[in-house]
Every structure is written in structure tokens, then in C-alpha cells.
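Engineer: Please read through the structure below; I'll follow up with questions.
Every number in this text was worked out from the coordinates using simple rules, so none of it is lab data. The model shown is predicted, which means the values in this text are computed figures rather than measured ones. Cβ placement follows ideal geometry from the backbone for every residue including glycine, while neighbour counts extend to all protein chains displayed.
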Amino acid sequence: MDFKGQDILSTEQFSKEDILRICDVARTFEAISEKRQTSELLKGNVMASLFYEPSTRTRFSFETAMKRLGGQTITAVGQDYSSLAKGESLWDTAKMVEAYADVIVVRHPTEGSAAEMARGANVPVLNGGDGPGQHPTQALLDMYTLMKEKGKIDGLTIMMSGDLKYGRTVHSLCMLLRHFDVKIIFSSPEELKMPTNYLDDLRGRGVAFEEVLTLEEGLKKSDVVYATRVQGERFEDKEQYERLKLAFVLSRDLLEKNHSGITVMHPLPRVGEIAVDVDGLPGAAYFRQAANGVQVRMALLALVLGKV
Amino acid sequence: MDFKGQDILSTEQFSKEDILRICDVARTFEAISEKRQTSELLKGNVMASLFYEPSTRTRFSFETAMKRLGGQTITAVGQDYSSLAKGESLWDTAKMVEAYADVIVVRHPTEGSAAEMARGANVPVLNGGDGPGQHPTQALLDMYTLMKEKGKIDGLTIMMSGDLKYGRTVHSLCMLLRHFDVKIIFSSPEELKMPTNYLDDLRGRGVAFEEVLTLEEGLKKSDVVYATRVQGERFEDKEQYERLKLAFVLSRDLLEKNHSGITVMHPLPRVGEIAVDVDGLPGAAYFRQAANGVQVRMALLALVLGKV
Amino acid sequence: MDFKGQDILSTEQFSKEDILRICDVARTFEAISEKRQTSELLKGNVMASLFYEPSTRTRFSFETAMKRLGGQTITAVGQDYSSLAKGESLWDTAKMVEAYADVIVVRHPTEGSAAEMARGANVPVLNGGDGPGQHPTQALLDMYTLMKEKGKIDGLTIMMSGDLKYGRTVHSLCMLLRHFDVKIIFSSPEELKMPTNYLDDLRGRGVAFEEVLTLEEGLKKSDVVYATRVQGERFEDKEQYERLKLAFVLSRDLLEKNHSGITVMHPLPRVGEIAVDVDGLPGAAYFRQAANGVQVRMALLALVLGKV
């Protein structure tokens, strides 16, 4: 697609070529993101950062991307939204913000809200997460991380573990991986399995996958494990929760016994599902993955603003 | 007046010449505000953006103005005010902030608070709304919008509709319009009529005005309708509120029947008092009006900082 | 010490030479801080401003320092911390933020939290106050203010008044003053005396000090009085609080009777402990002191980023 002026709303809008293009552009920003170069590419541009729901990680990543490319930001977080409290529609808010900004990043707890703002605004809208809906820039940085860590995506076996039922990031990642020649191993408790609509979609696309019920079964066979959090609030039975949570903790001991060189990814924040003693392993990629978010968001901002 | 170093606190401080000067300067910033040019006019300057009460629209408009002119901002919104919570006076806060910023924008729920800060600070203070008090930059952007939409102000018939009793923006706008040769038509429910002190002031200045009780009576005779919100919290009788609110809704049907080419303004946010089907009419000026806020605030910042 | 790459966590880390070096560098930024010059020294650098606990004064001072030196900031205040709410460790947060920023400023209610972030991040961390712990940049700006106001530190007699038991700023200031040839007079109610561990430390270092129970006793003998707030929440007996609070108010009358030329400092915000009629005295240095915070923070940022 021609990125200039485009909204980034959903992982479903990207072809394989689009994904590769974004990763290529992201790579050109590596030295800037890693603080070895400065840039004025987006000088004179203003990004509106609308976080109706706080997410310091996503917000900082976007704002850093904009600022390291020489651009400016205007920011509103959480309770600042006086006009929405007064009953203003997202469409009207978008019409207002388009007058101020060259590009809008929005995070909102309601599915479809980023698309609604995109209908109102005639500047590009980037979805920074819309509740149970999409978080496309996270999925793109995950793809970019796979490419940087492993040198390629085709041919990889990727294991996803933890809460696959409610985990937005693994759903979005599947929507991008289905364009590639990969094998996916889903490892989760019975109660938190990947929803069948995603499995059907993968099957329809000819993507090989397998479901397993323990970490051990998948680790040996995988090049990468993408871990997610098992959230307590999903369980009525707290004992069951504690048992399942423990069963899906990646520890150094477990990794060294099963596949010591495996690449470990996580969307962060983690809360115990990767033990801190894993951090020292060469394959522990989750902090590098977070850092990659800046490069990928630089790429998206530069692309939709027509600067590359 | 000589704008350099001046506080912008109240609509009452402006002469006709001042208003025209601000509009003239605002026009010179049109291309920058519309993102067709960049500027470094305020490079090296810092604006403090103190929003004790959130107002994303006013804050974004000021911050965008500052940033598109190459300046910087420091921002505090709502609950950030730890030192006030500790009992610090506005005067002391102003003395502190003057050490950091070249210009201060303040929004505060208490009438007179901007003036109090202006007494403390020896850098210019711009009133971004002080509760039931003044919102002079809104009134100035309304004047600028009239001038841009209609090419002039003298000779216009301007209708104000909705809640004229509590509507701060229509009060402030009257304080500026009284310097011009205009006719004003006030259209409101009996319960929400323009306060007599404002009517007396207009009468004293020789400004022609008329009061009507329905929208229809005024629309045919007016060049512009400036609509405001009828707020539910003003009414004890909720049935009466619903009836009155509906009677003051500008719909496409109503406009086309009475005056299809009329210019429609609104301070926004709207909550139903202008139907969305009005948006497509050429005279629907309210989103352009919001965008004009950036140009007018650019003009005010540049003027008080002595840069034009 | 070699400041480049260094964390600024505690007053205990500074030698006399370090303190003098910081003051020397701060002085070179005076014209920039006072808005008579602009700078691009930190252009291309990003400071993360993490205020888990709001403190507009400290935050504005750091952000102004960064921006007037041409740098950029990313900011999170109070309730923005969604990932911490989700249970993320400070160590993980630090690893994340190090990917975005060149330097981190953190204020947090828990003692030791800045040090914990410093362990995680491999960019410099500056402690902007960690609860009952340290506030080293405040103490450094206090030293700088003494030097600017009095031309030197050696030889001064400095009185500290008010709540010396819980007052973090006077504790931190003592930790820096002990490197100099000064005399300290502690003036507080019996209930709020300087803790003995600080007195023991001063005694061990050979710093002369004296404890008095009224303001009058100390004012005549001192070159400087550093006042602090007596906080109501420290007292069960509210009558006793009111009596003590009044006994430690610096009024113009009291100063003129006892030592009219004395230099008056206060970390601000004040809540009555310095009467407003003191503001007009030439020795009233507290607003200048607050302004000095920008120069000192400019110096610290430039030093740890290796730019001087």
C-alpha cells in the first residue's frame, strides 16, 4: 500500500510486502533510536498523543520516536478529557485534533474507537490499542524483533505461551505471521486456549500450528517463545489460577533443560511469568523488543507523513 | 495598546484597534497553523501551560501555537498541583513559574485567579478561562472567525442562541462586539436570557439588539448564528430541560427552511445542539473556528513576547 | 568524581570538589536560565521525567533545564503508571525507559526507589526525591544559592528553623555543608529537633553547631536563615501545633528587630511560615533560590551527559 496519509488501525490491513517495507524503514532508523545519530526528518510536525487509557510504554515509545526524528508532541492522558466528559463524540474530537496535529496516536478502552477517530480526522490516525480490539504497532514491532533476532521470519517455529484466549498481542501477531512460512505452537492451559476463529483463519491460510498443554512440550521444537501473562482476574477459582500461573513461568532452569538458546519475547510488563534469572541469557530479547518499538514507530510516523 | 509584556486577562482590556491588530497578526500565521509553513519565531522561549481544570481543546490550541512557532512548553494538568494541595498561594506559584517560563497560560476554576497570578508573575499571563469569569482568547478567536468567514464585522447581524444566562463565551463575545457596528439577536428560553447587565452595557454603547424566544424568529434576519449548549444541570425540572433543549437544536432541516446560507458557529464541544447533518453545509464554521484558535493564540504569544 | 554517566542519587556521594564543580558549571548557565541566551547543548537528547508522586516545582525545574539547553522530554505524572499498577518492578521500568531516554529523572514516594531504578538503567538516573529519603538536587541548589547570595560558603553561620525532625531538605543540606567550614544553628520546637544521627555525623566531622529553641536566639548570630514548614500532621495535639507553628513564623517585624539584613531561604512551598511582608526585604532569597534550581539542574544534566 501507499503509506502516505494512511491510518494504521488493524493488523488486517497489511500485506506481506507492507510488513517487510515497515521493517526495512525501521532498520534505517536504528542508529537514531539507539542514540548514535540525531535527525530532523519530522521537524515542524506535531503528533497528538491521546491516551484515554494510560499506557506509559506505548506512549513513551511513540513520543520518543517523534522527538528523536525532530518532531513535536501534544499529549493528553486519562482524566484530561474534559470535552469527552462533557459528552463530545470521538468524531468531533478527531475534527478538533486534526486542526492541531499532523498525525494522531490514540489509545482507548473501546474497540473500534481508533477507526471512529480515523473517520473524523483527515490526518493519519495510528491505533495505539483499542481495548479488546487491535494493537497493530505492537504486532509490527514483534515482527521486526523476530527479524532482527533471527535474521528472517520464513522457516521459524514460534511458540506462544500463557493466556492465548484473552491475549491481544498474540492474536495480532498471528494476523501478521499468517503471511509467512512459519510454524506456530500454542502452549496454554486448557482454559486459556487460542480462540477457534484464529485457528480457523490460520488453517485457511495453510499456516502449520500445533496446540500443547505444557511449556516443556513446545520449547524443544521452537526457535522463539513469545510469553504472555496469565491474568488472575480471568479465574473464579484462585487456587486453579495459582497452579496454572506457576505452570507457565519461564525460568532459567526450565529453559536450560529444554532449549538454552531459545529466543524469549514478551510484550511487557511481565509480572513473574519470566523469572528475572532469565534476563542474563543471550536469547532474552524482551527488553530489546521494547526498544525496537521506537524504530518501528519512527518508521510508521515517517511513512504516513510521507517523509520516506 | 503596546502588547509586549502585557497580560491577557479580560475582554474588557481591548480597544477596537487592539482586536483588529490581533486579527491582522493572526492572519500572518495562517500558513503555519495550516501546516503549509514552519517557523522558529519563538525558538528558545518556554510557555508554562497550567491547567488546574482540564480543557484539552484550549490547552492543545495554545501548545500547538507555541510549538508550531518553534517554542517549547512545560505542562501541568489537574491533579499535578501538589504545591497548591500543600496550600501554596497562586501568587507564590506565579513567582515560581516566572523563573521557568517566558509566558504563562492558566486555566483555573476560580474567577480572578488569572489576574492574581498576573500580579505575582513578571512575565505575561494569558487567561485560558477562569471559571465563571473570562475566557478572552476564545472571544478573540470568535471575532477572528467572524472576520474570516464574513470578510468584515461591521454591518453584521449576529444571533446568539441557547444558554445566554450562564454561557461565558457569549458574554465575552458581546464585550468585543460592542466596539463594532453590529446588530445582535439573542435567542434563548425565557429561563436562560442574557443577563441585564450585559444588555445595559450594549444599550449604553449604542449597540442594537433584540431578544427572541425561538430560533426561527432570528435565523432569517441573521448573517451568523452562534449556538451554545443548554446545560441540564441548570434545571430542576428535567422535563422542562428536555423540552427547551430540543427547541434550541440547530438541524439541517431548520436551517434550510429558514436561512440555508447562514454561518454557524459554536465554541464546542457540542452535545446535540447542532445536529451532525449540519456539518456538510458550507456555512458550518465551527470546526474552522476551533482551528482558528491556533492562529489567534500564535498572534497573542508573539505579541506579548514582543516578537511582532 | 567523573560525572559522565553518573547517577545522582544521594548527597552522600559528593565531595567538596564535586559540589564546587557543580556550582561552577551552574554559573556558566546563568544567562540561559535567566532567558538572556539560548542554547542547543543538549539537542538530540531526551530526558524521561518520571513523577510517580507529583511535584510541579521539581518537575518544571528539570524540564525547563532540559528544554532551555535544547533537549527534549517525555513525561509521566502520578496515575499514568499503568504498568506499575499491573505489578511491573522498578527495575523492569528502568530497563524500558533506558531504551527511550538518555537520562532519567525520577520522583517516587518510596525511599531507595531511585537507587533501584539506577541499578536497572544503564543511562544516568537523577533522584528527584524518594520519599523520606534523599532530594540531592534540592540540596545542591541550596548550596549554589548560599554561594550566589553570600559569595562563599566557608565562614558562614547558617540557621535552620522549623521542622528539623522530618524536614528532608535540612537533612540533605547538612550532608553537603559538613564539607565546609560553617557553623550551623538549629532552631526548632523541642518536639521537632534535628535527629541525633545527623548531629553525631556533624560532630564527627568537626562541624560547629548549636541548638536553640526560639528564632530570636539564632537570628542575631546568623548570616542566613533556612526556614522550613512545621506540618500539622506531625502533631496529635492541634493546640500545641498552632502554638508552635506561630512561634516559628518569620515576619518582617521579627527580622527587622533581630537581623534586618539576614538572607532568608526556604525550599518552598511556604504556607505561612514566612510572612508575605518579608518578600520585599533585600535578603528574601527564596524565589531566587527556586530559580537557581534551573541552573543547577542544567549543570547536572550537562555533566552526567558528558557535555561539559
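Engineer: Kindly express, to the nearest 10 degrees and within the range 0 to 90, the angle between helix A:16-28's C-alpha long axis and the longest C-alpha principal axis of chain A.
Structural biologist: For A:16-28 against chain A, the angle is about 80 degrees.
Engineer: Right, next: Kindly identify the stretch B:226-285 as rounded, prolate or oblate by the Cα gyration tensor criterion: order the square roots of the eigenvalues as a ≥ b ≥ c, call it rounded if a/c is under 1.5, otherwise compare a/b with b/c, prolate if a/b is larger, else oblate.
Structural biologist: Numbers: a/c = 2.91, a/b = 1.91, b/c = 1.52.
Verdict is prolate for the stretch B:226-285.
Engineer: I've got another one for you. Label-to-label distances across copies for B:Gly261, with labels 7 Å out along Cα→Cβ, in nm, shortest first?
Structural biologist: Listed shortest first, these distances are 7.9, 7.9 nm.
Engineer: The stretch A:114-217: which trypsin sites (Lys or Arg not before Pro) are DSSP loop and have at most 12 other beta-carbon atoms within 10 angstrom? Can you show the working numbers first?
Structural biologist: Working: sites: A:Arg119, A:Lys148, A:Lys150, A:Lys152, A:Lys165, A:Arg168, A:Arg178, A:Lys183, A:Lys193, A:Arg203, A:Arg205; in loops: A:Lys152, A:Lys165, A:Arg178, A:Lys193.
Here the sparse-neighbourhood loop sites are A:Lys152.
Engineer: How far is B:Glu236 from itself in the other copies, in nm, if each label sits 7 Å out from Cα along the Cα-Cβ line, shortest first?
Structural biologist: Shortest to longest, the spacings are 4.9, 4.9 nm.
Engineer: Here is a follow-up. Specify the angular offset, from 0 to 90 degrees and rounded to the nearest 10, of the alpha carbon long axis of helix A:168-177 from the longest principal axis of the alpha carbons in chain A.
Structural biologist: Rounded to the nearest ten degrees, it is 90.
Engineer: Another one. Going by alpha carbons, how many degrees (0 to 90, nearest 10) lie between the helix axis of B:56-68 and the longest principal axis of chain B?
Structural biologist: Once rounded, the angle reads 50 degrees.
Engineer: On the principal axes of its Cα set, how long, how wide and how thick is the protein assembly as shown? Give whole Å, largest value first.
Structural biologist: Cα spread of the protein assembly as shown along its principal axes, largest to smallest: 89, 88, 50 Å.
Engineer: Something else: Just want the ordering: C:Ser172, C:Ser39, B:Ser187, from fewest to most Cβ atoms lying within 10 Å of their own Cβ.
Structural biologist: Working: C:Ser172 24, C:Ser39 17, B:Ser187 27.
Lowest count first: C:Ser39, C:Ser172, B:Ser187.
Engineer: What's the local net charge at A:Glu34, with K and R +1, D and E -1, over the other residues with C-beta under 14 Å away?
Structural biologist: Values: positive: A:Arg27, A:Lys35, A:Arg36, A:Arg68, A:Lys148, A:Arg288; negative: A:Glu30, C:Glu98, C:Asp102.
Once all neighbours under 14 Å are counted, the net charge is +3.
Engineer: In what sequence do A:Val224, A:Val296 fall when counting other Cβ within 10 Å, fewest first? It would help to have the intermediate numbers written out before the result.
Structural biologist: Working: A:Val224 23, A:Val296 27.
Result, fewest neighbours first: A:Val224, A:Val296.
Engineer: Sort B:Leu250, C:Leu9 by Cβ crowding within 10 Å, fewest neighbours at the top. Show your work: numbers first, answer last.
Structural biologist: Values: B:Leu250 23, C:Leu9 20.
Lowest count first: C:Leu9, B:Leu250.
Engineer: Something else now. What would the Debye equation give as log₁₀ I(q)/I(0) for the stretch B:137-289 at q = 0.13, 0.18, 0.21 Å⁻¹, counting only Cα atoms as equal point scatterers?
Structural biologist: The Cα Debye sum returns log10 ratios of -0.53, -1.06, -1.48.
Engineer: What net charge is computed for the residues neighbouring B:Lys148, neighbours being all others with C-beta under 14 Å from the C-beta of B:Lys148, Lys and Arg scored +1, Asp and Glu -1?
Structural biologist: Numbers: positive: B:Arg27, B:Lys150, B:Lys152, B:Arg288; negative: B:Asp24, B:Glu30, B:Glu34, B:Asp142, B:Glu149, B:Asp223.
Here the count lands on -2.
Engineer: Sum up the charges of everything whose Cβ sits under 15 Å from the Cβ of B:Ser188, counting Lys and Arg as +1 and Asp and Glu as -1, but leave B:Ser188 out.
Structural biologist: Spelling it out: positives minus negatives among the neighbours equals -1.
Engineer: Just to confirm the numbers: B:Glu30, label point 7 angstrom along the Cα-Cβ line, distances to the other copies in nm, shortest first?
Structural biologist: 4.8, 4.8
Engineer: Here's something else I'd like to know. Tell me the relative contact order for the stretch B:213-308 as a rounded percent, counting alpha carbon contacts under 8 Å between residues six or more apart.
Structural biologist: Numbers: 88 pairs, mean separation 29.0, N = 96.
Contact order relative to length: 30 percent.
Engineer: List the residues whose amide H sits under 5 Å from the amide H of B:Asp7, counting only those 5 or more places along or on another chain, with H placed 1.01 Å from N in the peptide plane.
Structural biologist: B:Val125
Engineer: So, one more: Sum -39500 (n - 2.57) across every DSSP H segment of at least 4 residues in chain B, then divide by the residue count to get the 222 nm mean residue ellipticity, nearest 500. Don't skip to the end; give the middle numbers.
Structural biologist: On the way: 13 runs with 129 residues, N = 308.
The helix-only estimate for chain B comes to -12500 deg cm²/dmol at 222 nm.
Engineer: Still on this structure, please answer the following. In debye, nearest 20, what is the charge dipole magnitude of the protein assembly as shown about its Cα centre with +1 on Lys and Arg Cβ and -1 on Asp and Glu Cβ, if you could check? Present the calculation step by step, with values, prior to reporting the outcome.
Structural biologist: Details: 114 positive and 129 negative charges, 498 e Å.
Dipole magnitude for the protein assembly as shown comes out near 2400 debye.
Engineer: Further question: Which residue, A:Leu176, A:Leu69, A:Leu41, has the most motion in a Gaussian network model of chain A that connects Cα atoms within less than 10 Å?
Structural biologist: It is A:Leu41.
Engineer: Hey, how many Å between the Cα centroid of the stretch A:264-308 and the Cα centroid of the stretch A:137-165?
Structural biologist: Cα centroid of the stretch A:264-308 versus Cα centroid of the stretch A:137-165: 11 Å apart.
Engineer: Say a paramagnetic label sat at a point 7 Å from the Cα of C:Asp24, along Cα to Cβ; which residues of the stretch C:30-63 have their backbone N under 19 Å from it?
Structural biologist: Label zone hits: C:30-31.
Engineer: May I ask for the Kirkwood hydrodynamic radius of chain A, worked out over all distinct Cα pairs and given in angstroms to one decimal? Walk me through the intermediate numbers first.
Structural biologist: On the way: mean 1/r = 0.0500 Å⁻¹.
It is 20.0 Å.
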